[in-house]
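The values are calculated or read from the model by the stated rules, or taken from the named source; none is laboratory data. Only a predicted model underlies this, so the values are computations on that prediction, with no experimental measurement involved. Note that each Cβ is placed from the backbone with ideal geometry, even for glycine, and that neighbours are counted across all protein chains shown. Side chains included, ligands, DNA and RNA excluded: accessible areas come from the protein's heavy atoms. Shrake-Rupley method; radii C 1.70, N 1.55, O 1.52, S 1.80 Å.
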Amino acid sequence: MDDIERTVNNKIIIPVGGMTCAACAARVERAIGKMEGIVEVSVNFASEKAAVTYESGKTRVSAIRAVIEKAGYEAPEISETNAVEEDRARREKEIRTMWTKFIVSAVFSIPLLYIAMAPMISWARLPFPAWLAPMAYPLVYALIELMLVIPVICVGYKFYTVGFKALLQLSPNMDSLIAIGTAAALLYSIYNTWRIAAGDFGAVDSLYFETSGVIITLILLGKSLEAVSKGRTGEAIKKLMGLAPKTAIIVRDGAEAEIPIGEVEMGDVIVVKPGAKIPVDGTVISGGTAVDESMLTGESMPVDKKAGDAVYAASINTTGMIRFRAEKVGSDTALAQIIKLVEEAQGSKAPIAKMADVVSGYFVPVVCLIALAAGAAWFFGTGGDHRFALTIFISVLVIACPCALGLATPTAIMVGTGKGAENGILIKGGEALETAHKIDTIVFDKTGTITEGKPAVTDVMPANGVADDFLLMMTASAEKGSEHPLGQAIASSAEDRGFALSEAESFTSFTGRGIKAQVNGQVVLAGNRKLMDESGIALADFAETGDRLAEEGKTPMFVAIDGKAAGIIAVADVVKRSSIAAIDSLRKMGVEVAMITGDNKKTALAIARQVGIERVLSEVLPGDKSEAVKELQTGGRRVAMVGDGINDAPALAQADVGIAIGSGTDVAIESADIVLMRSELTDVSTAIELSRNTIRNIKQNLFWAFGYNTIGIPIAAGLLYLFGGPLLNPIFAAAAMSLSSVSVLTNALRLKRFRPAA
């Protein structure tokens, strides 16, 4: 037998440090994409992470990191066990470093700017030392400025090391623009300092040291504010990361011992006391309590837990003490999977981002050409004015930064997916978040989605002279041994009411018809009309009542005691409390709602009427649900499918957006694009509303990013000056560039105020 080579694709998230704009992200993406064995790569500038899918055996994570570092960026290793703390520490260190650099730069650039500008503002009569007068002591003046600018250049050295390296590799980025512009001003000023030393004192008017120093300071200020804002966009995931406890109390050799969470192993017996957080996922083996699971489900009411019930990491034990057996630890817990899901979503790219990526790829080279062309045009147009041409050249380079363009989409997606997680809605990627706003048709599965998914008693209708409680108690006692869902529903209803059920003295099941049992010496017959007819039971008015109940989507269970009709107990899969409100909310949003089910048409229409759905797809076999969705799509509709069962998985995958109920099966959740952790249907409209808000925010960001550069570059190139307006100073160009990135981030952060209308 021939050996079959099987390729396994692995996915990893790698932190990437040192990126300063979208061009950097594109550069890292290209470098990784050229490697053998890379299936897919997406580098997110806002989250500073690379999501890489690669073929095992063809490349390794260490090789991917080496390629990132070779491109001029950092790829720190983060251990899986301490990923949360290490990532947080790395970001906090980066913010501290940026602020320190800015402060040092400002300490030297402020006096540098004062020395450069004070002599020029004669009308203000600013205090200025006589020994530093530029006309009296030009060389001292030039050397003092040089001494002040050197520390600023040293603090901003990365602009030069990264910028010129990228330029030499023919993939210039924002650092390249800053490096070229400030280096040109610096070198030109050093040249004029040499001229002054050689006796040409008139060259003192051609010093641009303050331009280099102040530009770097303003860029560092913008980068510091940007780092802080980017940190805020990921606050949702930080909150999730901070939920897990650091230690656990385990039972070993009959004694309790507190150990670090990383040392808990599967099978360990863990003790959780009142008020403590549950450290890992597992199953309760003893004790009882109520657990606050709002961090997972968003549901504020604590959930009662007893032996055999599942508990989840980071949920809070409110009242009693429990012992449970650890079943999922580390990265396998539900919380860890949610964090991973949100991280991947925040690192993904929406289709709308592709336009910005394409523009960013060409943006920097085009800007360099525009700067050269504008500088040369003004040089020749002014008869060889070096100062004027250099001002134009530097202004164009500095104002045209692709940062705002690169931040426009990913920051909004980070905040949007994070906001979804806070509301119990897990959105698996930027594409799902973007597509959701286009949805015009939503198809709901019936059983377990619109309805509770388990039958319950809805009506108890006794015959004359028979008490409600007696009818229910006798039927439930007879059905106690039944395995049929309808019989179990009746038995559960009686137990919920506190009835003490009797043991049946005999029990006979009639397949497809019902049961017969002797309870407390009386013969109980419970089943459908066919069983009653076969047994010669006269139903009288109950036959008509049974038909009416069936039209309402209920299953009538006829009951006879000792050969006489005793009444009807109706059982139905009841509609969820949230279904009517959810469907009404979607209709108000202009979305058409349909229901799909394998039930017969009469039952399906009855349920549809209850919740206000007009379009019903009934008697659809499990394997045909995806075909039904495809048929809607061929009509030009954008379809979302909402389901919870294994048989819904193909339809969830076929839909433009698959939405799984969080209480559903793992297969359904795996096939879906969006998971509703609270299992509340009202969250469907919340997800669409959030998508619409996020896409609106992205479009606003892109408009301002494109508009800023469209307006800024011509002004920097001297367009206004050509028509008698002012000339843009490179310092103001640097300030405008920094503010553009901060404004885009600030707009994205407005999404944090999102509150679902539902």
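Can you tell me how many residues in segment 456-485 are under 15 Å from Pro556 (Cα atoms), free of Cβ contacts under 8 Å to residues at least 60 places away in the same chain, open to solvent by less than 50 Å² (accessible area, probe 1.4 Å) and not in a helix (DSSP H, G or I)?
0
For segment 439-488, how many residues meet the condition of being farther than 29 Å from Ser626 by Cα, at pLDDT 85 or above and touching a strand residue (DSSP E or B) at 6+ places or on another chain (Cβ under 7 Å)?
Count: 16.
Evaluate the following for Ala540: is it at pLDDT below 85, surrounded by 20 or more Cβ atoms within 10 Å (Cβ to Cβ), out of contact with any helix residue (DSSP H, G or I) (no Cβ under 8 Å at 6 or more places or on another chain) and closer than 22 Å to Met461 by Cβ?
No, not satisfied.
A quick yes/no check of all residues on (1) out of contact with any strand residue (DSSP E or B) (no Cβ under 7 Å at 6 or more places or on another chain); (2) assigned to a loop (DSSP other than H, G, I, E, B); (3) open to solvent by 30 Å² or more (accessible area, probe 1.4 Å); (4) polar (S, T, N, Q):
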position: Ala687; (1), (2), (3), (4): no, no, no, no
position: Ile695; (1), (2), (3), (4): yes, no, no, no
position: Phe732; (1), (2), (3), (4): yes, no, yes, no
position: Ser738; (1), (2), (3), (4): yes, no, no, yes
position: Ser741; (1), (2), (3), (4): yes, no, no, yes
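Would you please name the residue that is modelled with the lowest pLDDT, looking only at residues in segment 39-71 that are open to solvent by less than 30 Å² (accessible area, probe 1.4 Å) and in a loop (DSSP other than H, G, I, E, B)?
Per the stated criteria, the residue is Ala46.
Give the residue, chosen from Glu293, Glu226, that is touching a Cys at 6+ places or on another chain (Cβ under 8 Å) and modelled with pLDDT under 85.
Testing whether each residue is touching a Cys at 6+ places or on another chain (Cβ under 8 Å) and modelled with pLDDT under 85 leaves just Glu226.
Please identify the pairs in which a residue from segment 252-263 that is over 21 Å from Thr333 (Cβ atoms) and hydrophobic (A, V, I, L, M, F, W, C) has its Cβ atom under 6 Å from the Cβ atom of a residue that is open to solvent by 100 Å² or more (accessible area, probe 1.4 Å) and not in a strand (DSSP E or B), counting only partners at least 6 apart or on another chain.
Correct list of pairs: empty, since none qualify.
Does segment 429-448 contain any residue that is open to solvent by 20 Å² or more (accessible area, probe 1.4 Å), under 30 Å from Met474 (Cα atoms) and not in a loop (DSSP other than H, G, I, E, B)?
yes
Determine the pairs where a residue that is closer than 18 Å to Ala716 by Cα, located within segment 163-186, has a partner that is crowded, with 21+ Cβ neighbours inside 10 Å and polar (S, T, N, Q) with Cβ atoms under 7 Å apart, the partner being 6 or more residues away or on another chain.
Met174/Thr20; Thr182/Ser212; Ala185/Thr211; Ala185/Ser212
Under 7 Å by Cβ, and 6 or more places apart or on different chains, what pairs join a residue from segment 676-692 that is modelled with pLDDT under 90 with one that is charged (D, E, K, R) and open to solvent by less than 10 Å² (accessible area, probe 1.4 Å)?
Sorted first by the residue in segment 676-692, then by its partner, the pairs are Leu676/Asp683.
If I ask for residues that are of a type in the set (S, T, N, Q) and crowded, with 17+ Cβ neighbours inside 10 Å, which ones from segment 101-137 would you list?
Ser105, Ser109
Of the conditions (1) within 20 Å of Thr475 (Cβ to Cβ); (2) in contact (Cβ under 8 Å) with a residue 24 or more places away in the chain, Thr511 satisfies every one except a single condition; which number is it?
Answer for Thr511: the failing condition is (2).
Does Ala651 satisfy the condition of being at pLDDT below 90, touching an Asp or Glu at 6+ places or on another chain (Cβ under 7 Å), within 30 Å of Lys340 (Cα to Cα) and open to solvent by less than 10 Å² (accessible area, probe 1.4 Å)?
Against the criterion (at pLDDT below 90, touching an Asp or Glu at 6+ places or on another chain (Cβ under 7 Å), within 30 Å of Lys340 (Cα to Cα) and open to solvent by less than 10 Å² (accessible area, probe 1.4 Å)), Ala651 does not qualify.
Yes/no per residue for (1) aliphatic (A, V, I, L, M); (2) free of Cβ contacts under 8 Å to residues at least 24 places away in the same chain; (3) outside any loop (DSSP other than H, G, I, E, B):
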residue	(1), (2), (3)
Leu525	yes, no, yes
Leu531	yes, no, yes
Asp547	no, yes, yes
Ala565	yes, no, yes
Val574	yes, no, yes
Asp584	no, no, yes
Val616	yes, yes, yes
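Could you grab the pairs with beta carbons closer than 7 Å, sequence gap of 6+ or different chains, first residue in segment 703-715 and within 23 Å of Ile352 (Cα to Cα) and open to solvent by less than 20 Å² (accessible area, probe 1.4 Å), second one of a type in the set (A, V, I, L, M, F, W, C) and modelled with pLDDT under 80?
Within 7 Å, the pairs are Ala705/Ala404; Ala705/Leu405; Ala705/Ala408; Asn709/Ala400.
Would segment 88-96 turn up any residue that is modelled with pLDDT of 85 or more, touching a helix residue (DSSP H, G or I) at 6+ places or on another chain (Cβ under 6 Å) and under 29 Å from Leu225 (Cβ atoms)?
Scanning segment 88-96 turns up no residue that is modelled with pLDDT of 85 or more, touching a helix residue (DSSP H, G or I) at 6+ places or on another chain (Cβ under 6 Å) and under 29 Å from Leu225 (Cβ atoms).
What about Lys630, is it in contact (Cβ under 8 Å) with a residue 40 or more places away in the chain, part of a helix (DSSP H, G or I) and surrounded by fewer than 19 Cβ atoms within 10 Å (Cβ to Cβ)? Steps first, please.
On the way: in contact (Cβ under 8 Å) with a residue 40 or more places away in the chain: no; part of a helix (DSSP H, G or I): yes; surrounded by fewer than 19 Cβ atoms within 10 Å (Cβ to Cβ): yes.
For Lys630, the condition - in contact (Cβ under 8 Å) with a residue 40 or more places away in the chain, part of a helix (DSSP H, G or I) and surrounded by fewer than 19 Cβ atoms within 10 Å (Cβ to Cβ) - is not met.
Kindly provide the set of residues from segment 486-512 that are in a helix (DSSP H, G or I) and more than 19 Å from Gly527 (Cβ to Cβ), ordered by number.
Glu495, Asp496
From the list Leu167, Leu143, which residue is within 22 Å of His386 (Cα to Cα) and not in a loop (DSSP other than H, G, I, E, B)?
Criteria check complete, one pass: Leu143.
Within segment 517-534, count every residue that is more than 14 Å from Ala566 (Cα to Cα) and open to solvent by 60 Å² or more (accessible area, probe 1.4 Å).
Counting residues in segment 517-534 that are more than 14 Å from Ala566 (Cα to Cα) and open to solvent by 60 Å² or more (accessible area, probe 1.4 Å) gives 5.
Restricted to segment 551-604, and to residues that are among the basic types (Lys, Arg) and under 26 Å from Ala655 (Cα atoms), which residue is surrounded by the most Cβ atoms within 10 Å (Cβ to Cβ)? Can you show your working first?
Filtering segment 551-604 down to residues among the basic types (Lys, Arg) leaves 554, 564, 576-577, 587-588, 601-602.
Within this subset, residues satisfying the condition of being under 26 Å from Ala655 (Cα atoms) are 576-577, 587-588, 601.
Values: Lys576: 20, Arg577: 12, Arg587: 15, Lys588: 11, Lys601: 11.
Applying the filter and picking the extreme gives Lys576.
Suppose we keep only residues that are more than 23 Å from the chain's Cα centre (by Cα) and not polar (S, T, N, Q) within segment 5-23. Which one would you say is modelled with the lowest pLDDT?
Glu5
Does Gly512 meet the test of being open to solvent by less than 10 Å² (accessible area, probe 1.4 Å) and closer than 22 Å to Thr603 by Cα? Steps first, answer last, please.
Working: open to solvent by less than 10 Å² (accessible area, probe 1.4 Å): no; closer than 22 Å to Thr603 by Cα: yes.
Answer is no for this residue.
Can you pull out every residue in segment 246-278 that is open to solvent by 50 Å² or more (accessible area, probe 1.4 Å), out of contact with any helix residue (DSSP H, G or I) (no Cβ under 7 Å at 6 or more places or on another chain), over 11 Å from Asn317 (Cβ atoms) and part of a loop (DSSP other than H, G, I, E, B)?
Asp253, Gly254, Glu265, Met266
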